[in-house]
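Asker: Shown below is the structure under consideration.
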Amino acid sequence: MTLKTKLFWSALAGVASAAAGLAIAEAIALVIAPASSPLIAVGSLVIDLAPTWAKDFAIAAFGTNDKIFLLTLIVVLLTALAAGAGALQLFTAPWGLVTFGVIGGIATIAATTREQSLASWAIPSVVGMLGAALMLYRIVTKLGVWTATAQTVAAKGDQRASGVSRRDFFVYIASTAVGAAVIGIGARTVNATTIAAAAVRKAIKLPAPALAAPAIPDGAALDVPGITPLITPNADFYRIDTALQVPSIDASDWSLRVTGMVEEPFEITFDELLALPLTERNITLMCVSNEIGGDLTGNATWLGYPLHKILERAKPQSGANMVLSRSIDGFTAGTPLDVLQETDRDCLLAVGMNGEPLPLEHGFPVRMVVPGLYGYVSATKWVVELELTTYERSRAYWTDRGWSAKGPVKTCSRIDVPTARQTLDSGTIVIAGIAWAQHTGIEAVEVRIDGGEWMPARLAAPISDDTWVQWALDWDASSGAHVIEARATDKDGTVQSGQFAPVAPNGAEGWDSVRLDVA
Ligand SMILES: Nc1nc2c(c(=O)[nH]1)N[C@H]1C(S)=C(S)[C@@H](COP(=O)(O)O)O[C@H]1N2
Ligand SMILES: [Mo]
């Protein structure tokens with residue numbers, strides 16, 4: 001085998017391995033964060049570091065394609081380096097692996113030094129680099145066997161041995177290249193659409209509400225360290241969905257279709273929705289999978305258009321009793337039509353959350369929010385269709401998976417402080433938490449110690465019946481081991497049941513309790 005042939009195949013081995021590593025990194029970046037992709041990270045770093053004249057040149061020469069030019073440049077450079085690494089590995093191992101290590105190191109630094117980047121953003125680059133190095137090692141080893149056999153063949157004239165080791169090498173390099181291309185291009189496309197959706201979201205300016213949320217009353221937030229904040233910041237808001245990859249919808253491509261048992265089916269675009277008079281409300285969202293004492297709940301200020309008006313426009317046919325809302329990813333929720341038609345319940349087709357467009361993972365551009373029903377039967381994110389139908393005819397995503405078709409929120413309370421299994425000093429200890437009975441409202445919260453008498457806690461001023469309310473009680477604690485329990489009563493007079501019930505099929509029951517020692 002000539003030197004040229006060896007150079008060619010080893011260079012190709014380097015390129016195929018680098019492609020495999022890049023594909024692995026892109027696939028992992030899908031899960032970690034689109035911006036943790038080594039390609040994007042290195043590209044962004046180059047943009048930050050590039051002198052102004054270079055940026056001006058790129059924009060002048062390539063216009064809006066300047067980013068594509070940059071990524072192409074990086075890929076070309078990477079290809080050259082990878083080809084070199086392949087040759088180095090064949091002739092002067094392990095220098096090819098070392099080269100990959102350096103490239104991976106640069107990508108890691110780029111990914112972890114981005115604004116808002118987390119340490120975990122190193123993972124795509126590091127794992128991709130290890131994958132690339134492993135591939136390179138194995139392919140070049142095969143190439144070494146082929147080269148050696150080719151030499152023996154040349155000496156002895158045995159054709160068969162040569163054919164096998166050569167085929168071995170070809171199969172390896174070809175499958176690596178094809179696998180890398182499929183995974184890499186797929187992942188890159190998905191990552192790119194996520195980045196595009198994020199850019200679209202950033203550019204959206206939400207209109208002011210026609211009906212603003214009532215002012216939060218003084219005294220709605222108690223001054224107790226450790227109590228759940230009254231409004232949950234978007235970054236802390238719990239997230240529950242079946243989406244492996246957060247759907248990326250360009251708001252200008254979005255529309256909602258109202259279909260099924262209606263006289264007037266229609267479709268509405270995002271711009272049309274934003275042009276309607278929007279309502280702003282504070283509403284507490286609750287997951288049916290929230291255990292007693294759990295944290296699958298959040299309270300946000302939502303901006304949206306009343307769903308009863310959407311339905312009014314579609315004119316439901318008689319007999320319809322369910323609205324099957326469908327997400328772009330196929331998830332469905334079945335909501336009672338009569339609940340969505342209530343004019344005094346703020347069921348919203350929401351576009352805003354705490355003063356921003358919905359975050360991508362909370363349903364951008366449009367989701368449903370229904371006070372008083374668990375999320376799985378009402379809070380469809382990335383919603384694209386409302387189909388009017390019946391409970392007899394249609395089933396929603398979770399209905400066939402062990403959950404009830406209907407899911408009204410159960411009246412419940414949670415102890416935030418003190419936290420369990422700690423030792424506190426005797427004296428006054430503040431017991432505090434939240435209670436909720438969305439759309440009914442909380443009447444009272446009571447606390448008892450060691451199974452004693454129920455004592456009324458003081459309730460903060462509620463924002464509305466649709467939100468959780470904070471409560472607190474000063475407890476004169478004596479030393480010893482204690483159990484604190486809390487229960488809520490709603491404005492219908494329903495007292496939170498102390499009987500344990502699991503989350504399935506329609507929500508947990510029981511009293512939250514905290515065990516602790518007082519010194
Ligand atoms: N498209 C879609 N929407 C969905 C879900 C889902 O899996 N897919 N899960 C629902 C459930 S079970 C809950 S509790 C809420 C959670 O909303 P959040 O993630 O914004 O907190 O979304 C609801 N909407
Ligand atoms: Mo949920």
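The values are calculated or read from the model by the stated rules, or taken from the named source; none is laboratory data. What you are looking at is a predicted structure, and each value in this text was computed from that prediction instead of being measured. Please note: Cβ atoms are built from the backbone with ideal geometry, for glycine as well, and neighbour counts cover all protein chains shown. Ligands, DNA and RNA are stripped out before the accessible areas are found, and what is left, the full protein with its side chains, is counted by its heavy atoms. Shrake-Rupley method; radii C 1.70, N 1.55, O 1.52, S 1.80 Å.
Asker: Taking 25 Å as R0, compute the FRET efficiency from the Cβ-Cβ separation of residue 48 and residue 79 and round it to 0.05. Write down the numbers at each step before the final one.
Answerer: On the way: r = 23 Å, r/R0 = 0.93.
The value I calculate is 0.60.
Asker: Does segment 234-401 classify as rounded, prolate or oblate by the C-alpha gyration tensor (a ≥ b ≥ c root eigenvalues; a/c under 1.5 gives rounded; else a/b over b/c gives prolate, otherwise oblate)? Before the final figure, lay out each step's value.
Answerer: Numbers: a/c = 1.44, a/b = 1.18, b/c = 1.22.
In terms of gyration-tensor shape, rounded.
Asker: If you count, for each residue, the other Cβ atoms within 10 Å and average over each peptide, how do 347-360, 249-262, 408-421, 474-487 line up from highest to lowest?
Answerer: Values: 347-360: 22.1, 249-262: 18.1, 408-421: 20.0, 474-487: 16.2.
Most protected by this proxy first, the peptides run 347-360, 408-421, 249-262, 474-487.
Asker: Taking 0.36 nm per intervening residue step and subtracting the Cα-Cα distance, what contour gain separates residue 134 from residue 199 on full extension? Let's see the in-between values first.
Answerer: Details: separation 65, 0.36 × 65 = 23.40 nm, distance 3.61 nm.
Result: 19.8 nm gained on full extension.
Asker: Assigning unit charges at the beta carbon (Lys, Arg +1; Asp, Glu -1) and nothing else, what dipole magnitude in debye, to the nearest 20, does segment 412-518 show about its Cα centre?
Answerer: Here the size comes out at about 180 debye.
Asker: Still on this structure: Only loop residues by DSSP count here, and only those with at most 15 other Cβ atoms within 10 Å; note down the trypsin sites (Lys or Arg not before Pro) in segment 178-234 that meet that. Intermediate results must be reported in sequence, preceding the final value.
Answerer: Working: sites: 188, 201, 202, 205; in loops: 205.
Loop-located and lightly packed - 205.
Asker: Still on this structure, I have one more. On a full-extension model of 0.36 nm per residue, what is the gain between residue 57 and residue 152, subtracting their alpha-carbon distance, rounded to one decimal in nm? All intermediate terms of the calculation are to be shown ahead of the outcome.
Answerer: Values: separation 95, 0.36 × 95 = 34.20 nm, distance 5.49 nm.
This chain segment gains 28.7 nm when fully extended.
Asker: Hey, another quick one. Could you tell me which of the pairs 4/67; 315/406; 202/309; 202/406; 67/142; 202/315 are separated by over 32 angstrom between their Cα atoms in the structure shown? Show your work: numbers first, answer last.
Answerer: Working: 4/67 36 Å; 315/406 23 Å; 202/309 28 Å; 202/406 36 Å; 67/142 38 Å; 202/315 35 Å.
In this structure, 4/67; 202/406; 67/142; 202/315 exceed 32 Å between Cα atoms.
Asker: Under 20 Å Cα to Cα from residue 410, which lysines show up? Leave out anything in the same chain fewer than 8 places away.
Answerer: 491
Asker: When the accessible area of the chain is split by element with a 1.4 Å probe, what percent falls to carbon and sulfur? Don't skip to the end; give the middle numbers.
Answerer: Details: 14390 of 24060 Å².
Roughly 60 percent of what the probe reaches on the chain is carbon or sulfur.
Asker: Considering only protein heavy atoms, what per residue accessible area in square angstrom results for the chain with a 1.4 angstrom probe?
Answerer: Details: 24060 Å² over 519 residues.
With the other protein chains kept in place, the chain gives 46 Å² per residue.
Asker: If I take R0 = 45 Å and measure r between the Cβ atoms of residue 145 and residue 401 in this structure, what FRET efficiency does the formula 1/(1 + (r/R0)^6) give, to the nearest 0.05? Please list the in-between numbers first.
Answerer: On the way: r = 52 Å, r/R0 = 1.15.
Efficiency, rounded to the nearest 0.05: 0.30.
Asker: Run the dipole for the chain about the Cα centre, Lys and Arg Cβ at +1, Asp and Glu Cβ at -1, nothing else charged, and hand back the magnitude in debye, nearest 20. Before the final figure, lay out the partial values.
Answerer: Working: 37 positive and 49 negative charges, 654 e Å.
For this selection, approximately 3140 debye.
Asker: Anything in the chain that counts as a DSSP H helix reaching 18 Å or more along its axis (C-alpha) with Kyte-Doolittle mean of at least -0.5? List them, would you? Mind dumping the intermediate values first?
Answerer: Values: long enough: 3-32 (43 Å, 1.55); 66-92 (38 Å, 1.80); 95-112 (25 Å, 1.63); 122-156 (50 Å, 1.06); 159-203 (65 Å, 0.56).
Span-like helices in the chain: 3-32, 66-92, 95-112, 122-156, 159-203.
Asker: Projected onto the charge dipole of segment 412-518 (+1 at Lys/Arg Cβ, -1 at Asp/Glu Cβ, origin at the Cα centre), which of 428, 501, 479 gives the Cα projection farthest towards the positive end?
Answerer: The listed residue farthest towards the positive side: 501.
Asker: Sticking with this structure for a sec: Find the Rg to Rh ratio for the chain, where Rh is the Kirkwood radius over alpha-carbon pairs and Rg uses the same atoms. Please report the intermediate quantities before stating the final value.
Answerer: Numbers: Rg = 30.0 Å, Rh = 27.1 Å.
Result: Rg/Rh = 1.11.
Asker: Could you calculate the FRET efficiency of residue 361 with residue 492 from 1/(1 + (r/R0)^6), where r is the beta carbon distance between them and R0 is 41 Å, rounded to 0.05? Don't skip to the answer; put the middle values down first.
Answerer: Details: r = 34 Å, r/R0 = 0.83.
Step by step, r from the Cβ atoms, then E = 0.75.
Asker: Say the dipole of the chain comes from +1 at the beta carbon of Lys and Arg and -1 at that of Asp and Glu; which of 10, 382, 47 then lies farthest toward its positive end?
Answerer: The listed residue farthest towards the positive side: 10.
Asker: Additional query: Residue 329 label point, 7 Å along Cα→Cβ, cut-off 15 Å on backbone N: hits in segment 353-373?
Answerer: Under 15 Å, as judged by backbone N against the label point of residue 329, lie 359-368 of segment 353-373.
Asker: Pick out, from 27, 72, 126, the residue whose Cα sits farthest towards the positive end of the charge dipole of the chain, with +1 on the Cβ of Lys and Arg and -1 on the Cβ of Asp and Glu.
Answerer: So the residue we want is 72.
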